[in-house]
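Peer 1: Below is a structure I'd like to ask you about.
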Amino acid sequence: MKEKEDKILEFMKDKDYVPMKAKEIAMLMRVPKHEYNDFLTTIGKLELELKIQKNRKNRYHIMEKNYYEGYYRKNQKGFGFVKIEGKEEIYIAKENSLHALNGDTVLIEIIEEGNKVKKAEGKIVKIVKHEKDTVVGIFQNNKNFGFVVPDDKNFGTDIYIAKKDFGKARNNHKVLVKITKYPQKGKKAEGKIVEVLGNVNEAGVDMLSLIKEHKLPAKFPEPVVEEAKRCGNKVDKKDIPNRIDLRDKIIFTIDGEDAKDLDDAVRVEKLKNGNYRLDVHIADVSYYVKEDSLLDKEALVRGTSIYMLGRVIPMLPRELSNGICSLNEGEDRFTLSCTMEIDKKGEVVSSQIYKGIIRVTKRMTYTDVQKIIEGSDKKILEKYEFYMQDFKNMEELALILKNRRLRNGYLNLDIPESKIDLNVDGYVTNISRYQTTFAHEIIEQFMLTANETIAEKFFWLEAPFIYRVHEEPDLEKVQELNKFLFNFGLKIKANKDNIYSKEFAKILEQIKGRQEEKVISNLILRTLKVARYESENKGHFGIASKYYCHFTSPIRRYPDLFIHRIISQYLENNYDMSQKLIEKYSQEAEDRAKQSSEREKIATLVEREAEDMKKAEYMESRIGKEYEGVVSSITSFGMFVELENTIEGLIRFEKLGDEYFIYDEDRKRLIGEKTNKIYKIGDVVKIRVISANKLLKQIDFELIER
């Protein structure tokens, strides 16, 4: 379609072109009769996109104005921004928004170019596509009519509900409403209630609301589940002779206590030459999830497993993820494995990729492995006495690998995750920092090494592949970060030709153990680009690696499953792939990478919203309580403070006391107009909780004292 569009536009841009009818254009372009209907469809699409238009005589010509297509991000105050590829965000005033809603795809005209002081300004001329046709919100009953207040406060409008469309909804019910009329000329949107989720305060309704809001596939279709069940729970003995049999080797899984889908297992052996042999065994999911099967198609739609605190929306049915594809202790399992010989400097000197069959010796937890490393628990040491050398080898190798990474510029960002404890009804009982130990690092270092090894091998094979790409940050963002780092006597050396991860790593090393470590780590994270999936290798800035992919979690990530399929094809064909297959998989790699990146964005958004919701719920019962926290961010409307338990709240300007504060954008600080009192990122302050709203996912503090 794109090629046809370009040909028509090229034809009409010719200096000798005069406006003519569709039939005349087709004749001069020699469009075959059997393609004429397609030609008319393309002409219609170009007209809809405002690239061409008809005059009064129905003759087509190129549009004189330039229009741009983008994604509209609406603010609850009415204005918004449109993101256009290759351009800064374009500001859209309320009166120029054409009643577009949050998330809509729109065509805009730029009415004022941007400069150093302000963004470019635009006007929406057409809504190409409404992002949402259903919305989750709270139903309000006004007897003869009702309306739904959307959970998404940026959505842009309440939704009017006629009495006949109430369904079984009652006042303050969380509902799913289908939009029947979009807002126009000052009128609100109209809708029909299609599902009642429950009372706003009912257990589980909060997470169900997120599922419905983001149209997450909460249930597997029955045929998909049936296909998963047919995989059985025992390996096929006929295929064992085609695999390397490692069932007699000591192999461990190391996971959290609650983990059920165990997709990686490891073994470390010290060799006579002083090097280490690292075996990383990954569940051979692609053996069971065949290409284009119902399971494969469903996994692609989902893209990734989503972890919503007490609830998981898995990529694969539990019959597979917790069954035949889970590397359970004492059970025969098929794997796709990578064996690496690693020298004392942490360099991989040789590697082998193969299909294996293993039988996990012990299912270990991070807690027990850490106790073994520390030698802190007699019972645990006695229980695993026979395997002490294995864990000592793991510890030694993980340290070697980590030190090599740090030398190369690996960004060891110490950003704590939140641990949110729920009771049986799904209500929050406690929030704290998630504690990680060196046992976590062991698995992290081993998985990183396997991912790098696989990516490098298939890069040099010029195989169709999906890489995990993390490009270097923009120079402008690094310069912005440096303005802040100046306050601490720090600076990242960078220019337009060279932005090295080692420079960032140096800063992280300098702040280690300092009070501002967490805040600076967070700001560095915000400066970096977001990692994504691509079919082209562009390296990974954050882990200072030239080659990187996701190979180690095929149960919960589609890119891993896809490259398992590629690797299996190369192994089966003895690394001699036909050009036809390479072309087929190259196109698939491009499409699957794009789809997986999009699904990952949604998963990240949902997981963050679930956390924010539960944090606000936790603080609703703590209004008036006082805490000490650290200033984590300063904006033009106030400052954010993060508490020790990872909960963050906003102190608005009016809650900073009687004084007026000036916002110093360059150094991200507030300066008191009268007293010159300064608040900056990293300051320790005492706060009082003044409000918390679970529905809005907002927490507000006021300052008590510095």
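Peer 1: Where in the stretch 110-210 are there trypsin sites (Lys or Arg not before Pro) that are in a DSSP coil and have at most 16 other Cβ atoms within 10 angstrom of their Cβ? Can you show the working numbers first?
Peer 2: Numbers: sites: 116, 118, 119, 123, 126, 129, 132, 143, 153, 163, 164, 168, 170, 174, 178, 181, 185, 187, 188, 192; in loops: 116, 118, 119, 132, 143, 153, 168, 170, 185, 188.
Hits after loop and neighbour filter: 116, 118, 119, 143, 153, 168, 170, 185, 188.
Peer 1: Please report the relative contact order for the stretch 43-188, taking Cα pairs under 8 Å with a sequence separation of at least 6, and give it as a percent rounded to a whole number. Don't skip to the answer; put the middle values down first.
Peer 2: Values: 295 pairs, mean separation 25.5, N = 146.
With pairs under 8 Å counted, the relative contact order is 17 percent.
Peer 1: Give me the net charge of residue 588's neighbourhood, meaning all other residues with Cβ under 12 Å from the Cβ of residue 588; Lys, Arg count +1, Asp, Glu -1. All intermediate terms of the calculation are to be shown ahead of the outcome.
Peer 2: Values: positive: 565, 584, 592, 594; negative: 291, 292, 296, 583, 590, 591.
After counting each charged neighbour, the total is -2.
Peer 1: Stretched out fully, how many nm does the piece from residue 56 to residue 412 gain, at 0.36 nm a residue minus the Cα gap?
Peer 2: Values: separation 356, 0.36 × 356 = 128.16 nm, distance 6.44 nm.
Once the chain is fully extended between residue 56 and residue 412, it gains 121.7 nm.
Peer 1: Once the piece of chain linking residue 500 and residue 16 is laid out straight, how much longer is it, given 0.36 nm per residue of separation minus the C-alpha distance between them?
Peer 2: Working: separation 484, 0.36 × 484 = 174.24 nm, distance 5.17 nm.
Length gained, residue 500 through residue 16: 169.1 nm.
Peer 1: How high is the relative contact order of the stretch 475-528, in percent, with contacts defined as C-alpha pairs under 8 Å that are six or more residues apart? Let's see the in-between values first.
Peer 2: Details: 27 pairs, mean separation 19.2, N = 54.
Dividing the mean separation by the residue count of the stretch 475-528 yields 36 percent.
Peer 1: Once phi is turned into θ = phi - 60°, what whole-Hz ³J(HN,Hα) does the Karplus curve with 6.51, -1.76 and 1.60 give for every residue of the stretch 672-678, x standing for Gly and Pro?
Peer 2: 3J(HN,Hα) across the stretch 672-678, in whole Hz: x, 5, 8, 8, 6, 4, 10.
Peer 1: For the stretch 151-284, what proportion of DSSP beta bridges, expressed in % and rounded to the nearest 5, is antiparallel?
Peer 2: Numbers: 17 of 20 bridges.
In the stretch 151-284, DSSP labels about 85 percent of beta bridges as antiparallel.
Peer 1: Also, I was wondering about something else. Sorted by average packing, counted as other Cβ atoms within 10 angstrom per residue and highest first, what order do 232-243, 674-685 take? Mind showing how you got there, number by number?
Peer 2: Values: 232-243: 11.8, 674-685: 15.2.
Per-residue mean Cβ counts within 10 Å order the peptides as 674-685, 232-243.
Peer 1: So what J values fall out for the stretch 539-555 if you push phi through Karplus, 6.51 cos²θ - 1.76 cosθ + 1.60 with θ = phi - 60°, rounded to Hz, Gly and Pro as x?
Peer 2: x, 10, 4, x, 9, 6, 10, 6, 9, 8, 8, 10, 10, 9, 9, x, 6
Peer 1: On to the next question. From the phi of every residue in the stretch 260-266, what ³J(HN,Hα) in whole Hz does the Karplus formula 6.51 cos²θ - 1.76 cosθ + 1.60 yield, where θ is phi - 60° and glycine or proline is x?
Peer 2: Each residue's phi maps through the Karplus curve to give 10, 9, 9, 9, 9, 9, 9 Hz.
Peer 1: Go through 631-638, 254-261, 645-652 and give me the packing order, highest mean Cβ count within 10 Å leading. Walk me through the intermediate numbers first.
Peer 2: Details: 631-638: 16.5, 254-261: 14.6, 645-652: 19.8.
Descending packing order for the listed peptides: 645-652, 631-638, 254-261.
Peer 1: Hey, another quick one. Quick check for the stretch 526-600: number of Lys pairs with alpha-carbon distance under 18 Å, counting only pairs 8 or more apart or on different chains?
Peer 2: Values: 529/538; 529/546; 529/594; 538/546; 538/594; 584/594.
The number of close lysine pairs in the stretch 526-600 is 6.
Peer 1: Now, a different point. With both bridge residues required to lie in the chain, what share of the DSSP beta bridges run antiparallel, to the nearest 5%? Mind showing how you got there, number by number?
Peer 2: On the way: 115 of 128 bridges.
About 90 percent, rounded to the nearest 5.
Peer 1: Which whole-angstrom value gives the distance between the alpha carbon centres of the stretch 139-216 and the stretch 445-518?
Peer 2: Using only Cα atoms, the two centres lie 44 Å from each other.
Peer 1: Per-residue ellipticity at 222 nm for the chain, helices alone: DSSP H runs ≥ 4 residues times -39500 (n - 2.57), over residue total, nearest 500 deg cm²/dmol?
Peer 2: On the way: 16 runs with 210 residues, N = 706.
Here the helix-only value at 222 nm equals -9500 deg cm²/dmol.
Peer 1: Select from the chain the helices, each a whole stretch of DSSP H, whose alpha-carbon atoms run 27 Å or more along the helix axis and whose Kyte-Doolittle mean is at least -1.0; answer none if there are none.
Peer 2: Values: long enough: 388-408 (31 Å, -0.84); 438-460 (33 Å, 0.23); 579-620 (61 Å, -1.46).
Span-like helices, by this rule, are 388-408, 438-460.
Peer 1: Name the shape class, rounded, prolate or oblate, that the alpha-carbon gyration tensor gives for the stretch 2-62, where a ≥ b ≥ c are the square roots of its eigenvalues, rounded holds for a/c under 1.5, and otherwise prolate holds if a/b is larger than b/c and oblate otherwise. If you can, show how the numbers build up before the last one.
Peer 2: Numbers: a/c = 1.33, a/b = 1.22, b/c = 1.09.
It comes out rounded by the Cα gyration axes.
Peer 1: May I ask for the distance between the Cα centers of the stretch 628-706 and the stretch 268-298, given as a whole number of Å?
Peer 2: 48 Å
Peer 1: Modelled label-to-label distance, residue 75 and residue 311, 7 Å Cα→beta-carbon offset: nm?
Peer 2: 3.2 nm
Peer 1: Remind me, relative contact order of the stretch 134-202 in percent, using alpha carbon pairs under 8 angstrom and six or more residues apart? The partial results should precede the final answer.
Peer 2: Details: 161 pairs, mean separation 22.0, N = 69.
Normalised by residue count, the contact order of the stretch 134-202 is 32 percent.
Peer 1: Taking Rh as the Kirkwood radius computed over C-alpha pairs, what is the Stokes-Einstein D of the chain at 10 °C in a medium of viscosity 1.306 mPa s, expressed in µm² per second?
Peer 2: For the chosen part, D equals 54 µm²/s.
Peer 1: Which shape class, rounded, prolate or oblate, goes with the stretch 475-528 when its Cα gyration tensor gives a ≥ b ≥ c as root eigenvalues, a/c under 1.5 marks rounded, and past that a/b bigger than b/c marks prolate? Display every interim value, and only then the final one.
Peer 2: Details: a/c = 1.80, a/b = 1.58, b/c = 1.14.
Since a/c reaches 1.5 and a/b is larger than b/c, the shape of the stretch 475-528 is classed as prolate.
Peer 1: Take peptides 461-473, 658-670 and line them up by average Cβ neighbours within 10 Å, highest first, as a rough protection proxy.
Peer 2: Values: 461-473: 20.7, 658-670: 14.5.
Ranking the peptides 461-473, 658-670 by packing returns 461-473, 658-670.
Peer 1: Under a 5 Å amide H to amide H cut-off, with H placed in plane at 1.01 Å, what residues pair with residue 180 once short-range neighbours are removed?
Peer 2: It is 190, 191, 192, by chain and number.
Peer 1: State whether the stretch 148-207 is rounded, prolate or oblate according to the following rule on the C-alpha gyration tensor (a ≥ b ≥ c being the square roots of its eigenvalues): a/c under 1.5 gives rounded; otherwise a/b larger than b/c gives prolate, and the remaining case gives oblate.
Peer 2: Working: a/c = 2.66, a/b = 1.53, b/c = 1.74.
Here the stretch 148-207 falls in the oblate category.
Peer 1: Here is a further query. Could you calculate the FRET efficiency of residue 27 with residue 49 from 1/(1 + (r/R0)^6), where r is the beta carbon distance between them and R0 is 30 Å, rounded to 0.05?
Peer 2: Values: r = 24 Å, r/R0 = 0.79.
FRET efficiency, residue 27 to residue 49: 0.80.
Computed from the coordinates by the stated procedures, all read-outs in this text should not be read as laboratory data. Bear in mind the structure is a predicted one, so any value in this text is a computation, not a measurement. We place every Cβ from the backbone using ideal geometry, glycine too, and count neighbours over all the protein chains shown.
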